[in-house]
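The values are calculated or read from the model by the stated rules, or taken from the named source; none is laboratory data. Note that this is a predicted model, so its numbers are computed, not measured. Here the Cβ positions follow ideal geometry from the backbone for every residue, glycine too, while neighbour counts run over all protein chains shown.
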Amino acid sequence: MSEPFLVTIDGQEFAGQPGQTIMEIARDNGINIPSLCDSPHLDSFGSCRMCVVEIDGRRGTPSSCTTPADNGMVVSTTSDKLWRLRKGITELYVSEHPLDCLTCTANGDCELQDVAADVGLRELRYDNQPACESIPIDESNPFFTFDASKCIVCSRCIRACDDTQATHALSIDGRGFSSRIIAGVDELFMDSDCVSCGACVNECPVGALEDRVERSSGIPDKWVRTTCAFCGVGCQFDAGIKGGKLVTMVPAADSPVNQGHACVKGRFASAYIHHADRLKFPMIRESINDELRQVSWDEAYSFIAQRWKQIKSESGPHAIGSITSSRSTNELNYLGSKLMRAVIGTNNIDNCARVCHSATVKGMMTVFGAGAGTNSLDDIDHTDLLLVSGCNPIHGHPVTGSRIRRARMRGMKMIVVDPKATELAQMADIHVQLRPGTNVALYQGLAHIILRENMQADSEWLDSRTENLDPFKAMIQDMTPEVCSEITTVPVETLEAAAIYYASVPSAMAVHGLGMTEHSHGSEGVMALSSLALLTGNVGRKGTGINPLRGQNNVQGSCDMGALPNVYTNYQSVADPENRAAFSKVWGVEAPAEPGLTYPEMLRQVESGNVRSLYLIGSDIAHTDPDNLAVIKALSGLDLLIVQDIFMCETAKLAHVILPAASFLESDGTYTNGERRIQRVRKAVDPPGQAKQDWIIVSELAEALGHPIITSNDVSDIWDELASLTPNFRGIDYSNLDNSEAVQWPKPTAEHPGTSIMHIGEFSRGLGNFAAPKYAEPNEQASKEYPFILITGRNLFHYNAGTQTRRTGLSEFRETDLLEMHPVDANAMGISDGDTVWLTSPRNRIEMQVEVTNNVRKGNLFTTFHFPDIGVNTVLSSSADGYTHCPEYKVQAVGIEVQ
Amino acid sequence: MFSRELDSLYGVIMTEEYSGWDPGRPGHKLLDILKEEIRTKGQPSAERVREIASITGTTAAKVRGVIGYYSELKPDNSTVRVCMGESCRARGSELVAEFLAKEGDTVGTLHCAGLCTSGPAVLRDEEIVPMGCTGTGLQLFVSMDSISQKLGSEEVVQSLLQEVDDTAAITRTGSRGLFHLEPMIEVDIDGTRHAFGPVQATDVSSLVKAITNGSATEHPTALGPIDSLSEMKSQTRFALARVGIENPLNLAGQKEIGAYSGLTKARDGGAEFVLQELEAGGLRGRGGAGFPTHFKWKSAMQQGDPIKHVVANADEGDAGTFIDRMLMEGDPHSLIEGMLICAETIGATQGWVYLRSEYPQAKRILQSAIDSAREDGLFGKDFDITIALGAGSYVCGEETALLESLEGRRGEVRARPPYPTEQGLFGHPTIVNNVLTFSMAAAIMREGGSVVGNIGTERSKGTVVAQISGDVGIPTCVEIPFGGSVADLFNNHSSLDEVVAVQVGGPLGGVFAAEELENIELSFEGLTSADGLLGHGGFVCYGSNFKPRTEVLGWMRFFRDESCGKCTPCRIGTQRALELLERIGTDSEKEGDRILLADLDEVMTETSLCALGGLAMNPVRSTMKRWPASFGGESNE
């Protein structure tokens, strides 16, 4: 049976697809069959038995949720007997349920209530005997509560945890009538493996698992579809609003990105938007030593305008620069770059993607001719093998992490390349636990083995789709497994197993993160990885490709928007006179020709006086940048530092002008996720105080400078202007983004469907280019004085600078940065788990608490930098990727002093 | 260059076969590890649960959930266990338990050890290793079946060893099933097997003398040639053909009397031939559901998956049934042969025997038989059989709950479809058949489908293995053609004297008054049309001390305790039914309780996910109908 078919339900004929159950077809067609254990987001289970139906020619009353529909089937969902049975089951449920509906937090949002009403239950003939009455409510989790007495043991929470989130933190204790849901070893949710993704809370049909905020606020009065503003996965949510306040964020089931799933941050941690610390008024001060004073927007704008005019007249336009944000909208990033280029007259525009994925753009651009992820998240569900390099999606991109785990459960093969034994590494088939900073050697070594084994793609692919294979072969000829093993410390047999594994499957897909890019040779590492995909023909097909997992919500978009010193939108070179002419024409000015400075360069040129003013929008570089004391010194040396943010972040504390911005829930526009999908963000609540949306502030500032840069006060006009200037976006109309499914660029024409897989048939640069960088050691080398290599990364419960996450219940999960250390090293130095030590480098020494763990290599340390008080970045050096200036966050030579 | 001192070699290849990842399905080893852990160290701490989770590739919650589910995964300090299965209860196991407790034992209970004809079964943690000897002189045969042992066969063998000369051989066999004649000794006299029984240890000396001086046939225990006993002649033994003849672990000897001849025919004829033969033989699943076996095998055969499983359901949980145990102890090769025929027919790569832990001797003998069959090369190179032990759950005899248990999960029933033949163990096509079904399949291949198919009734072809136990004068196990009445079965092979009631087909089966049995045909359809079920062929008898109300409460308590808890009608319904039954017929009965019970009956029967909930009201209904006086209603007398 593979053809669509017709099925009759209650006298009406409906079309069904192969594999659909009666319940699914009924639900699709608006026929309500009472049910408690079934959920559109979960596999059918068949435990509540409420959804029984009668089928002509079949005995009994099968459950519609587990019965596949079949051609010609005639189903009745309603009869005296069926309603009698359903009523009988409901009576059983109610017999063990508390009868406190009116005061129950789920009142009005309870499926048991709905079912009882449906079946017309009017009396309870059994004695009421709630099964778990004596178990206290579990209030350990900051975001939700669990009341076992209200639980109806439908197992939807367990199935969500197992099959959606794939954490497997829940189960049942006892059996039969004694069955009861437990977390972990029958412990508090907070003590269990639960990661608070909220999938169980979404599924709970009654008041057993309840969102705390929703519990106290009641049912929202407004729902607004928007995009999460944490990581680059780009999950879609429906924000539930009541009285102008955020009540809940419900993950959108119809989103191809998150498919109804969420992580703890997106689901529960957007409440920071209502935090008392929000910046509410513009503030200025003459000098850094003065107190900031509250002013009107006009005063703030004229203060900036006056100073910029002065600086420009004294030092020229290039003394001014701006760093925009991967956390803000595409529209802001475009407008910010337009402000610099069209109003100030400089290309000194950059964004914070500089310090994360700039090396990806460089590396992939070199090999494929485009810097963006080649495929889509959906491909994870289809690939035969996933090569995970230098990323920890369980923490950094949790919804994608769950998707990867689900794929593992279906049998997808997996290789993880990481110096850390991350959760994914521990569940991989092969973990390549290489020495930090040796990615280039590793991937060239794997390519060497693949060629030796003659497992490369067929010659038709190599001849017709690629170039420069011979220089590539020549370069990697010496990267024998033995040499590669010597450099990476990975055993030859592991290298051979990984290479053969990767090359032996029909489709292999690679995902990578900052563990590939934040190196002194990050760009070369991405080139080596991309060349491996090219060598095996793993590009341009479903389930293949090179797919960077973007750190912040709009890393892809901020770069796509041309908030970079050398390119306009979609990487159109500033140096190209044709491009410049096109932008100049639309902007009505002569756009500057000279490429601008990257932002690390801007900072370096403060001391010399070449750069005198910076306009920072949503970038807390005084916390997040390495060699942090030097960054603070540079920022402090500016004549005018303007910071536009939602909180008084570390950088804002150094500013002359503070511009209070709107958060994502207070803004309109678009974000582009890591798979090039352009998605709407929608204003759901008003910003606090006088705070304004980023793009409005920039446009008003431009007006104050005497050069308006928007044609109307509608954000859609910004998109439509930039799309008209960008061939790959030309087919994307803002009104379509609003009305239809989100689209993946390139979409050159209105008729073009968008691009889920790039480089089919032809690469963006024509032929795929084997890049053959020569392996070089990382800049940072361990020494006698600084014998440890420190790796920095992320934790699930926080987000980069932590300005948002530290102002939520997430701090209850993690309230400081911990220094992870191998037990052998800890023993040798007499350090125990929980001890405080000095972490030292030539730049600084800071106090940190040690966590002893086998998950790091001997001689390696790992930490996060979510907490400015700890100051991890003050220890780090300014060493960076030679091509892109992306800092070497992942390899830092440091020392440890025992206190 | 980098510093070697700081680095060592890193890189892990997880498993040679890259086994994938699914913490929800750690496999059956988790149950074994937990059983050993809890047996030796008691209830594991939270920390230990986390360690076990990490060792077995699952999570703490899943381990804890498994511990919470299985009754054997609880610390047990009992010094003795008394069987509370129906047959043993009918013979007074409660009194025995009380007595043992008074004697100072810490008494635990179990539900059926398959010793139903020798009950009440009392089990201590001891292993009775069957003794025997080889020789070329006098050839003696004594059953080592667990029931025979309970009836004293080991003591008899001990005496024999002292009495016979050292040329004599005592061969240990399975039981003929004639338990009223056990302990029974068979002696080869002039090439004919003569039976003697029941033989007590004290009879041995005189018996051996009688044999030696040629007067054996005059010994008081002499029964005559075994094959001429009316109890044997009246049977048609297909599945039981070899049980009781030869040492089951003597593979060569077993082959001589037909073992693996069915497999040879299956291999010669091919998969389609096997299906044809099974269809001709009319083989229906003997676990109770009676599903045509050739349909099941065909469905699995048609699946394209390169990995398929064959599972023998040896979780013989219905009290009053023990034929699977008898086969595994008496002719394990018939099970192995049936599984191999199935594996080759459907293209299976792995075989499993899910064996209840209450059968330690069956495990020991079956494991030896599997090992010798493997060594003999019978398995081929791509197949093997693993024994997995249950951990205390009646529902795990249901095929989908059994598969969950084999996957190392709580034994919760799965909704069907998908059927196990499409997505069974670890998602692969799987045949789950009862032990007796596999033995029957092997017998059909050996004897020929039409030979078996020509006997029995229209819809119940071949033979039924009837196990009669409980409060009955002649407990027995016989294999006879389907057909005739249930009363005939008793009259020809046992006795209905003083039998008041008979429950047919396990605890979920209907309960009948003795006098109505002559109107019930002995067949799948005969029992069904009498609102009962044939089940696994157990007939548990109750005598004059039959207490209908006590039994009904006992059944419902058992169902409540054994409900897996997945589906609502069974999870809550069994508890509510028990509460109602405790009131009905007493002063606490409330108005409407009987109507409510009838309503609950309909809900449980119509909507439960599996037979436990679906049939739980079956014995209640049939007992209340026949003995209303016990429930405060009008007397039927």
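Of the candidates A:184, A:198, the single residue that is in contact (Cβ under 8 Å) with a residue 60 or more places away in the chain and out of contact with any His (no Cβ under 6 Å at 6 or more places or on another chain) is A:198. Looking across region A:878-892 at every residue that is surrounded by fewer than 22 Cβ atoms within 10 Å (Cβ to Cβ) and touching an Asp or Glu at 6+ places or on another chain (Cβ under 6 Å), the one that is nearest to residue A:773 (Cα to Cα) is identified as A:879. If you go through region B:398-455 and keep only what is of a type outside the set (A, V, I, L, M), away from chain A (no Cβ under 14 Å) and more than 19 Å from residue B:317 (Cα to Cα), you end up with B:420, B:421, B:424, B:429, B:430, B:446, B:447, B:448, B:449, B:450, B:453, B:454.
For region A:871-891, the criterion of a residue being in contact with a Pro (Cβ under 8 Å, 6 or more places away or on another chain), within 14 Å of chain B (Cβ to nearest Cβ) and under 18 Å from residue A:355 (Cβ atoms) is satisfied by at least one position. Filter region A:102-127 down to residues that are modelled with pLDDT under 95 and polar (S, T, N, Q) and give me whichever is surrounded by the fewest Cβ atoms within 10 Å (Cβ to Cβ). It comes out as A:103. Of the listed requirements (1) more than 9 Å from chain A (Cβ to nearest Cβ); (2) within 32 Å of the chain's Cα centre (by Cα); (3) at pLDDT 95 or above, residue B:48 misses just one: (2). Residues in region A:451-462: is at least one within 14 Å of another protein chain (Cβ to nearest Cβ) and either acidic (Asp, Glu) or touching a Lys or Arg at 6+ places or on another chain (Cβ under 6 Å) (or both)? Checked region A:451-462: no residue is within 14 Å of another protein chain (Cβ to nearest Cβ) and either acidic (Asp, Glu) or touching a Lys or Arg at 6+ places or on another chain (Cβ under 6 Å) (or both). When region B:456-482 is filtered for residues that are closer than 21 Å to residue B:241 by Cβ and surrounded by fewer than 18 Cβ atoms within 10 Å (Cβ to Cβ), nothing remains. If you go through region A:169-181 and keep only what is touching a residue at least 12 places away in the same chain (Cβ under 8 Å) and surrounded by 23 or more Cβ atoms within 10 Å (Cβ to Cβ), you end up with A:169, A:170, A:171, A:172, A:179, A:181.
Yes/no per residue for (1) within 13 Å of another protein chain (Cβ to nearest Cβ); (2) not small (Gly, Ala, Ser):
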residue	(1), (2)
A:398	no, yes
A:405	yes, yes
A:411	yes, no
A:418	yes, yes
A:424	yes, yes
A:428	yes, no
A:437	yes, no
A:443	no, yes
A:447	no, no
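To keep it simple, each residue is scored yes or no on (1) touching a helix residue (DSSP H, G or I) at 6+ places or on another chain (Cβ under 9 Å); (2) more than 9 Å from chain A (Cβ to nearest Cβ); (3) of a type in the set (Asp, Glu).
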{"position": "B:540", "(1), (2), (3)": "yes, yes, no"}
{"position": "B:561", "(1), (2), (3)": "yes, no, yes"}
{"position": "B:572", "(1), (2), (3)": "yes, no, no"}
{"position": "B:608", "(1), (2), (3)": "yes, no, no"}
{"position": "B:617", "(1), (2), (3)": "yes, yes, no"}
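Of note, residue B:413 satisfies the criterion of being crowded, with 23+ Cβ neighbours inside 10 Å and either over 21 Å from the mean Cα position of the chain (by Cα) or under 27 Å from residue A:21 (Cα atoms) (or both). Counting only residues that are farther than 29 Å from residue A:128 by Cβ and of a type in the set (Phe, Trp, Tyr), region A:41-96 holds 0 of them. Among residues of region A:482-510 that are more than 9 Å from chain B (Cβ to nearest Cβ) and under 30 Å from residue A:758 (Cβ atoms), those with a beta-carbon under 9 Å from a residue that is charged (D, E, K, R) and assigned to a helix (DSSP H, G or I) at least six positions away or on a different chain give the pairs A:499/A:452; A:507/A:379; A:509/A:379.
Every condition in (1) in contact with a Cys (Cβ under 7 Å, 6 or more places away or on another chain); (2) under 22 Å from residue B:218 (Cβ atoms); (3) not polar (S, T, N, Q) is met by residue B:163 except one, and the failing one is (1).
Can you spot a residue in region B:157-165 that is among the small types (Gly, Ala, Ser) and modelled with pLDDT of 95 or more? So far as region B:157-165 goes, yes, one or more of its residues are among the small types (Gly, Ala, Ser) and modelled with pLDDT of 95 or more.
Of everything in region A:721-733 that is touching a residue at least 40 places away in the same chain (Cβ under 8 Å) and surrounded by fewer than 22 Cβ atoms within 10 Å (Cβ to Cβ), the residue that is nearest to residue A:536 (Cα to Cα) is A:727. Report yes if residue A:355 is surrounded by fewer than 23 Cβ atoms within 10 Å (Cβ to Cβ) and β-branched (Val, Ile, Thr), otherwise no. The answer is no for residue A:355. One residue stands out in region A:759-776 among those that are buried (at least 16 other Cβ atoms within 10 Å of the Cβ) and out of contact with any strand residue (DSSP E or B) (no Cβ under 9 Å at 6 or more places or on another chain): the one that is nearest to the other protein chains (Cβ to nearest Cβ), namely A:775. I need a count of the residues in region B:481-501 that are in a helix (DSSP H, G or I) and among the β-branched types (Val, Ile, Thr). Summing the residues that are in a helix (DSSP H, G or I) and among the β-branched types (Val, Ile, Thr) in region B:481-501 gives 1. Applying the criterion of being facing chain B (nearest Cβ under 8 Å), more than 18 Å from residue A:154 (Cα to Cα) and at pLDDT 95 or above to the residues of region A:22-73, the residue that is farthest from the chain's Cα centre (by Cα) is A:61.
Among residues of region B:35-46 that are over 19 Å from residue A:184 (Cβ atoms) and touching a residue at least 24 places away in the same chain (Cβ under 8 Å), those with a beta-carbon under 7 Å from a residue that is assigned to a loop (DSSP other than H, G, I, E, B) and of a type in the set (D, E, K, R) at least six positions away or on a different chain give the pairs B:35/B:72.
Selection of helices (runs of 4 or more DSSP H) fully inside region A:576-683 by the criterion of at least 2 residues being among the hydroxyl-bearing types (Ser, Thr, Tyr) returns nothing.
The residue that is farthest from residue A:805 (Cα to Cα), among those in region A:845-879 that are of a type outside the set (Ser, Thr, Tyr) and touching a Leu at 6+ places or on another chain (Cβ under 6 Å), is A:859.
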